[in-house]
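Just below is one structure, and these are the notes that go with it.
The values are calculated or read from the model by the stated rules, or taken from the named source; none is laboratory data. Everything numeric in this text was worked out from a predicted model, so none of it was measured. Because the Cβ atoms are built from the backbone with ideal geometry, glycine has one as well, and the counts that use them run over all protein chains shown. Heavy atoms of the whole protein, side chains included, go into the accessibility calculation; ligands, DNA and RNA do not. Shrake-Rupley method; radii C 1.70, N 1.55, O 1.52, S 1.80 Å.
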Amino acid sequence: SHPLLCPPGIKCGGVLSAPSGNFSSPNFPGLYPYETECTWLIVVAEGSSVLLSFSHFELEYHDTCSYDYLQVYNGAALDRGNLLGTFCGHSPPPPFSSAWHVMAVVFRSDRHVAKHGFAAAYRKDACGGQLTGLSGEITSPRYPESYPNDAECRWSIGGAGGAGPLTLVFADFQMEGGQGCGFDYVALFDGPTVTAPHLGRYCGSKRPPRTISSTPHLLIVFKSDFNIGGRGFKAHFYSAGECQEVFTTIKGNFSSPQYPNFYPNNLKCQWSIQLPPGYRVKLFFLDMDLEGRSSLTGGCDYDHLSAFDGGTEHGSLLGRWCGRDSLAPVTSRSNRLLLLLHTDRNTAKRGFSISYVGVVPMNVSCTRTDFHIQIPVQSLAQLERNRIYLGTPSCAAQVVGRNFKIHTRFDTCGTESQRRNNTSVIVSTLYIDFSVGDQEDIHQYEVQCEPKRKEASVTLIAGPDPSRLSQAENLVDAQQWEGEVIDAREMKSQDTSDIIFISICILAGLLMVIAVVGLVLL
């Protein structure tokens with residue numbers, strides 16, 4: 001815990017546990033002493049929040065508040081993830097509402113320039129308040145027990161550096177119903193006050209729809225009348241800019257909120273990657289630094305990042321990570337992938353940085369002398385056929401029906417023979433050029449054939465950042481291809497080389513028989 005430092009004889013800091021109260025800098029309204037550090041821990045009844053406001057504020061000014069300053073923390077742990085703000089100068093901090101029943105305030109002065117300090121008041125706030133985090137949870141009073149009659153609460157969200165719109169999602173909702181919602185209701189406003197545009201008014205037992213503000217502010221008003229109640233509601237909010245993103249491009253990158261600075265505590269953020277049918281999503285972990293594993297269970301019980309196949313939390317879990325693991329790439333089994341970041345109430349870290357690339361659906365097969373490559377046209381609908389080529393641009397794909405096709409012999413198109421694991425293989429590079437204007441974006445896949453066994457494979461070798469893709473992974477196997485179903489007659493493409501090879505063998509056999517018979521007759 002943070003030390004409670006103060007010069008001898010000066011009352012400073014402490015635990016404030018009454019339902020409401022006041023506190024101020026030492027000697028207020030006189031000048032505060034030099035080299036002072038005080039910590040106040042405000043603790044109210046569990047299930048309530050702390051509402052903190054400042055009536056006077058005058059500290060030494062510095063553009064980054066490095067000299068004298070006041071800090072407000074969500075909860076008891078004084079780590080950067082809980083920090084709601086650092087303040088100095090003459091502008092008072094805004095009112096704060098804690099995310100739970102504990103709040104900490106730290107005041108520090110250096111050895112030069114003293115001012116009059118600050119005066120603050122707090123109270124237990126059963127409902128409503130000013131919420132400034134990137135994400136959080138709101139519940140009606142006494143939830144999940146029945147809410148009280150004649151209640152009115154207002155939650156104003158935003159206003160602490162968040163520049164993006166806010167999203168509000170109701171996880172549970174049960175209130176008194178009625179036509180026009182004239183009795184008990186929740187009303188939403190697209191701004192900080194009730195004069196802002198109205199986003200909706202809800203009652204009854206049907207959950208309100210997901211709501212997205214058009215400004216960085218959202219006001220939620222809850223009101224109950226003199227009789228008939230209900231369980232109330234539970235809702236989550238998050239800043240759509242940093243904490244909730246949807247990606248539909250073939251490649252991209254994203255990071256935890258405020259990366260590479262410490263992420264906030266008490267987050268539930270999600271990133272959804274949604275690619276065209278047939279694609280799969282491959283993730284590359286460029287940096288990872290989350291709170292470590294639990295010493296009791298050895299699991300990622302605190303802050304953690306999870307990936308789900310299929311785009312929802314109900315999909316199969318592809319992985320759950322924490323700490324500073326160096327992670328191998330992860331590939332989805334479908335065209336959708338969901339990433340969730342959960343952080344708890346303390347111990348924040350740097351976070352993560354991730355890039356992804358869509359793995360193009362394709363079928364690669366080979367004979368003893370040829371490569372056959374097929375890609376559904378709908379997967380690369382925006383590309384001309386000359387943007388897809390094997391080895392050199394002169395070996396571009398042809399459009400045959402609903403597929404891009406490349407059918408080429410091993411002695412063309414930049415193929416080369418190599419020995420891998422004491423086996424002779426034929427190798428070439430398939431290029432898919434997604435470049436737009438001056439932005440070069442060429443994805444490369446290594447195609448490989450083992451002619452003796454007529455087995456082909458394809459591996460993504462360059463996508464979002466070639467320098468990062470050192471760990472290539474076999475992504476598509478001819479036998480396991482999950483893309484567009486190819487007509488059985490196309491799959492049995494005429495293997496002319498095999499027919500010729502067998503014909504030569506038969507002809508040689510016949511000539512040998514004729515020669516033997518001739519010798520016998522002679």
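Less than 5 angstrom separates the built amide H of residue 311 from those of 337, 338, all sequence-distant by 5 or more or on a different chain. The value of relative contact order for segment 363-462, using C-alpha pairs under 8 Å at least six residues apart, is 26 percent.
Calculated FRET efficiency, residue 171 to residue 328, Cβ-Cβ distance, R0 = 35 Å: about 0.55 to the nearest 0.05. The lysines within cross-link reach of residue 454, meaning a Cα-to-Cα straight distance under 26 Å and a gap of 8 or more places when in the same chain, are 405, 492.
Scaling the Cα radius of gyration of segment 98-154 by the globular reference 2.2 N^0.38 Å produces a ratio of 1.67. P(r) for segment 363-462, from all Cα pairs and a bin width of 10 Å, is 16, 49, 27, 7, 0 %, short bins first. The phi torsions of segment 276-287, fed into the Karplus equation with coefficients 6.51, -1.76 and 1.60 and a -60° offset, translate into couplings of x, x, x, 6, 10, 10, 10, 9, 10, 8, 7, 7 Hz, rounded to whole numbers, with Gly and Pro shown as x.
Computed 3J(HN,Hα) for segment 214-228, one whole-Hz value per residue from the Karplus formula 6.51 cos²θ - 1.76 cosθ + 1.60 where θ = phi - 60°, is 9, 10, x, 10, 8, 10, 10, 10, 10, 9, 10, 9, 7, 8, 6, glycine and proline marked x. Computed with every protein chain present, the accessible area of residue 387 is close to 80 Å² [probe 1.4 Å]. With a Förster radius of 30 Å applied to the beta-carbon distance between residue 78 and residue 214, the computed FRET efficiency rounds to 0.25. Taking a point 7 Å out from the Cα of residue 179 in the direction of its Cβ, the residues of segment 195-226 whose backbone N falls within less than 19 Å of it are 201-206. Computed over every Cα-Cα pair of segment 206-349 and binned at 5 Å starting from 0, the pair-distance distribution P(r) comes out as 2, 8, 15, 18, 18, 14, 10, 7, 4, 2, 1, 0 percent.
Here's the list of lysines a cross-link from residue 349 could span, going by alpha-carbon distance under 27 Å and ignoring same-chain residues fewer than 8 apart: 251, 268, 282.
Legend: calculated FRET efficiency, residue 421 to residue 225, from the Cβ-Cβ distance at R0 = 51 Å, rounded to 0.05, equals 0.10. Residue-wise HN-Hα couplings along segment 192-201, as the Karplus relation 6.51 cos²θ - 1.76 cosθ + 1.60 with θ = phi - 60° gives them from phi, are x, 9, 6, 7, 6, x, 7, 9, x, 9 Hz; Gly and Pro carry x.
Segment 69-132 and segment 195-262 have Cα centres spaced 25 Å apart. Please calculate the 1.4 Å probe accessible area of residue 302, with all protein chains present, and give it to the nearest 10 Å². About 80 Å², rounded to the nearest 10. Bridgeable lysines around residue 11 (alpha carbons under 29 Å apart, same-chain partners fewer than 8 residues away excluded): 115, 124.
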